[in-house]
Amino acid sequence: MTDTRRRVKVYTLNEDRQWDDRGTGHVSSGYVERLKGMSLLVRAESDGSLLLESKINPNTAYQKQQDTLIVWSEAENYDLALSFQEKAGCDEIWEKICQVQGKDPSVDITQDLVDESEEERFDDMSSPGLELPSCELSRLEEIAELVASSLPSPLRREKLALALENEGYIKKLLELFHVCEDLENIEGLHHLYEIIKGIFLLNRTALFEVMFSEECIMDVIGCLEYDPTLSQPRKHREFLTKTAKFKEVIPISDPELKQKIHQTYRVQYIQDMVLPTPSVFEENMLSTLHSFIFFNKVEIVGMLQEDEKFLTDLFAQLTDEATDEEKRQELVNFLKEFCAFSQTLQPQNRDAFFKTLSNMGILPALEVILGMDDTQVRSAATDIFSYLVEYNPSMVREFVMQEAQQNDDVSKKLTEQKITSKDILLINLIIEHMICDTDPELGGAVQLMGLLRTLVDPENMLATANKTEKTEFLGFFYKHCMHVLTAPLLANTTEDKPSKDDFQTAQLLALVLELLTFCVEHHTYHIKNYIINKDILRRVLVLMASKHAFLALCALRFKRKIIGLKDEFYNRYIMKSFLFEPVVKAFLNNGSRYNLMNSAIIEMFEFIRVEDIKSLTAHVIENYWKALEDVDYVQTFKGLKLRFEQQRERQDNPKLDSMRSILRNHRYRRDARTLEDEEEMWFNTDEDDMEDGEAVVSPSDKTKNDDDIMDPISKFMERKKLKESEEKEVLLKTNLSGRQSPSFKLSLSSGTKTNLSSQSSAASLPGSPGSPGSPGSPGSPGSVPKSTSQTAAITTKGGLVGLVDYPDDDEDDDEDEDKEDTLPLSKKAKFES
């Protein structure tokens, strides 16, 4: 059997029925000769010492709990437990145990837990019930021991719970509690604490219903005040009766509902404050208590939801101007807690809940509340609004669009209530609260920005046959709301640098930019029209001069997102307004510091180069080359210059593309083999990785890399010698891939003599034309006949001599050799006339 090791903690149960941690190690299962059987072994992770060596006995009852716990008893009063870090490890060891015992791994207990000693101790446990000691002061210790000894065994717990239910034992125990308190019998009170705590751990709903009844719950809490580990008893009952006050913001007429609210509050208090924090072994024993609270909350929400008079009064008082501030705050806090309770509902019930609130007018009420001056009330209203947006953003969007159509009625309502607002729309109120957040950390603004992003996210907008929510809502948002969102940005960028550059303002502008960047990515013509018409990008780039690096990076990220769209409308706008100037200034001001700003700016220019955005390449080189030409620690800007030169070359030579097409067609006539999809992908990928200074011709006009096409025809027919020599110097200096490329230097003399230098040395390099097994050499796949093995033809015109590549020959051969040889490909030879 394969040895498997998992990280575990080893526990043993001590005499006080508490689990002691024996150490952390790795568990394995294997055959142990000394024990004559399969065993569990745990070695300490610190020093490798043996923490546990336990034979898997066929008759031992092993129990799996909580997916990561295995518990068993090896001898009387010697219980062991392995607590696994991972569920997978627990499952694997459990399968080993079940395999040895011949059990199905799906069970949680491998054996019947009743043995002879248990039968003797519990007086024939096979009988239908368990006989409990008489409920007397003198026998409290015996009762406490019985409860504690029953907890480890599920069967014992079941029998004890049944006995407690059938005999009305809990009420008898609570009567003893009053006697002990009157007699100040501290020892008896400590025993009652252990008994009541143990009854909680029995995890029985029927027992909870008795304990949490109106007549018993305060006595149960009283028992739990006398923790033996504390020198003085707690005063939980005093807090619940004197400090905690029940406020009815709206009178509740249903007595059952009122009692359920009291009960839920007290049980929640017991769970959170009274009961000690459960150990890893006790946590699953309180699952029924969690469920009891959960279903109580569900009942409360349902009963309130059905009480139409209650909800009508609630919303009427919320929006009534006669309601005083303290009362309104209590109403809003109640509504907030009401919505929080609804999160426990099942989806269909939650749908009905929010639909009821919507019909009662929760959104108009929130609009009124958000227009008030009370910060605490607005904060609670924001939390309520977040529940609505997270549940159903379409409902909120529909409301605000209807609100825009009924603008006059709402405006009249606000005027009557003497509530002033720059814009009455609900979304604009949310935006204004985001902008005016007084918290130095802008915690509320961050929350509101997230809600706005949810509302403008097209991914959660509905599209039906009759209407498209995206089109309608975005049209509304950009017409009525976008100017409010961008107001702080426009107000702060009227000069060449931010007019206010304090930390809080910078944080706020960063949030606005984050939302605008989201709009650029997810909206189409709406945001494009807005940016171009309002000149937003120029104003955003003013923030590049901020002293706060995070804000400058937000501005840069906004522009990078726009450039990433490769939209010529955006590009023309950028070029017309010279919007690279703030970026270049920030780059130069940053100097040679290797930081995030430096890397982000270089990445943006590298994207323009790699994606071959011709208009931006020409704009950058024509306007900013002098400022960038000395940057040599990266080759990005030199690469852009080469892109620009090749673009200009093509513009000056319109016949160049047709000549390459002729050469390509000639090659296909000589060799019928066509490129497959994988080869196309290889060429495209290789082209993206090509570095400036490496001349490789792409097989198609669609994917060709212009600065890699160094066709000599253009050299000696169209280009001037001065331009050619300058290009040669740049090409020989820049090799962005870091690999040495062999180059051929062609010396021209008068007449038609050629001197091919470096040929012998280059021929010996892997991948060079003419080397054995290299692309283009005789015998390699796709090579030309031996008579033309040099893959070049010498042409003469007017005393000029040059070499002409057959581009597809060498590109095809390079690809084939790349599949066969793991050595790096040598780049194409470079020619100079």
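The values are calculated or read from the model by the stated rules, or taken from the named source; none is laboratory data. The model shown is predicted, which means the values in this text are computed figures rather than measured ones. Because the Cβ atoms are built from the backbone with ideal geometry, glycine has one as well, and the counts that use them run over all protein chains shown. Accessible surface is based on the protein model in full, side chains and every heavy atom, while ligands, DNA and RNA are left aside. Shrake-Rupley method; radii C 1.70, N 1.55, O 1.52, S 1.80 Å.
Would you mind stating whether Asp67 is more than 15 Å from Arg6 (Cβ to Cβ) and among the acidic types (Asp, Glu)?
The answer is no for Asp67.
Mind listing whichever residues of the stretch 234-257 are over 42 Å from the mean Cα position of the chain (by Cα), open to solvent by 60 Å² or more (accessible area, probe 1.4 Å) and of a type outside the set (Val, Ile, Thr)?
Result: Arg234, Lys235, Glu238, Lys242, Pro251, Ser253, Pro255, Glu256.
Looking only at the stretch 534-563, count how many residues are in a helix (DSSP H, G or I) and over 13 Å from Ile574 (Cβ atoms).
15
May I ask you to list pairs of residues, at least six apart or on different chains, whose Cβ atoms are under 6 Å apart, with the first in the stretch 644-658 being under 23 Å from Glu629 (Cα atoms) and modelled with pLDDT of 80 or more and the second being open to solvent by 80 Å² or more (accessible area, probe 1.4 Å) and part of a helix (DSSP H, G or I)?
That search, which allows pairs on different chains as well, returns Gln647/Lys614.
Quick check on my filter: what residues within the stretch 485-505 are closer than 10 Å to Leu543 by Cβ and either outside any helix (DSSP H, G or I) or charged (D, E, K, R) (or both)?
In the first step, residues of the stretch 485-505 are kept if they are closer than 10 Å to Leu543 by Cβ; the result is 489, 492-493, 497-498, 501.
Within the stretch 485-505, Asn492, Thr493, Lys497, Pro498, Asp501 meet the criteria.
Has the stretch 517-524 got any residue that is in a helix (DSSP H, G or I), touching a residue at least 60 places away in the same chain (Cβ under 8 Å) and surrounded by 19 or more Cβ atoms within 10 Å (Cβ to Cβ)?
Looking through the stretch 517-524, at least one residue is in a helix (DSSP H, G or I), touching a residue at least 60 places away in the same chain (Cβ under 8 Å) and surrounded by 19 or more Cβ atoms within 10 Å (Cβ to Cβ).
Could you check, for the stretch 396-413, whether at least one of its residues is in contact with a Phe, Trp or Tyr (Cβ under 7 Å, 6 or more places away or on another chain), at pLDDT 90 or above and farther than 22 Å from Glu325 by Cβ? Can you show your working first?
Step one: of the stretch 396-413, the residues in contact with a Phe, Trp or Tyr (Cβ under 7 Å, 6 or more places away or on another chain) are 397, 401, 404.
Of the ones still in play, those that are also at pLDDT 90 or above are 397.
So of that shortlist, the ones also farther than 22 Å from Glu325 by Cβ come out as 397.
Yes, the stretch 396-413 contains a residue that is in contact with a Phe, Trp or Tyr (Cβ under 7 Å, 6 or more places away or on another chain), at pLDDT 90 or above and farther than 22 Å from Glu325 by Cβ.
Give me the strands (runs of 3 or more DSSP E) completely within the stretch 1-118, filtered to those with at least 1 residues that are closer than 23 Å to Arg156 by Cβ and at pLDDT below 80, ordered by residue number.
On the way: elements: 6-13, 19-32, 37-44, 50-55, 62-65, 69-75, 78-84.
The qualifying strands (runs of 3 or more DSSP E) are 6-13, 19-32, 62-65, 69-75, 78-84.
I'd like to check which helices (runs of 4 or more DSSP H) are fully inside the stretch 185-226 and have at least 1 residues that are open to solvent by 10 Å² or more (accessible area, probe 1.4 Å) and of a type in the set (Gly, Ala, Ser).
Those helices (runs of 4 or more DSSP H) span 205-211.
Condition first: β-branched (Val, Ile, Thr) and either at pLDDT below 90 or closer than 25 Å to Gln263 by Cβ (or both). Can you find one or more residues in the stretch 174-191 that meet it?
Taking every residue of the stretch 174-191 in turn, none turns out to be β-branched (Val, Ile, Thr) and either at pLDDT below 90 or closer than 25 Å to Gln263 by Cβ (or both).
Only one of (1) within 20 Å of Lys258 (Cβ to Cβ); (2) open to solvent by less than 10 Å² (accessible area, probe 1.4 Å) fails for Leu318. Which number is that?
Looking at each condition in turn, Leu318 falls short on (1).
Name the single residue that is surrounded by the most Cβ atoms within 10 Å (Cβ to Cβ) among those in the stretch 321-341 being touching a helix residue (DSSP H, G or I) at 6+ places or on another chain (Cβ under 8 Å) and at pLDDT below 85.
Phe341
Could you give me the residue pairs with C-beta distances under 6 Å whose first residue belongs to the stretch 81-97 and is in contact (Cβ under 8 Å) with a residue 12 or more places away in the chain and within 24 Å of Asn14 (Cβ to Cβ), whose second residue is crowded, with 18+ Cβ neighbours inside 10 Å and basic (Lys, Arg) wherever it lies, and which are 6+ apart or on separate chains?
Sorted first by the residue in the stretch 81-97, then by its partner, the pairs are Ser83/Lys9; Phe84/Arg6.
Name the one entry in Glu469, Glu432 that is over 25 Å from the mean Cα position of the chain (by Cα), modelled with pLDDT of 90 or more and among the acidic types (Asp, Glu).
That would be Glu432, the only listed residue that is over 25 Å from the mean Cα position of the chain (by Cα), modelled with pLDDT of 90 or more and among the acidic types (Asp, Glu).
Do we find that Thr517 is over 27 Å from the mean Cα position of the chain (by Cα) and under 22 Å from Met544 (Cα atoms) in this structure?
It is false that Thr517 is over 27 Å from the mean Cα position of the chain (by Cα) and under 22 Å from Met544 (Cα atoms).
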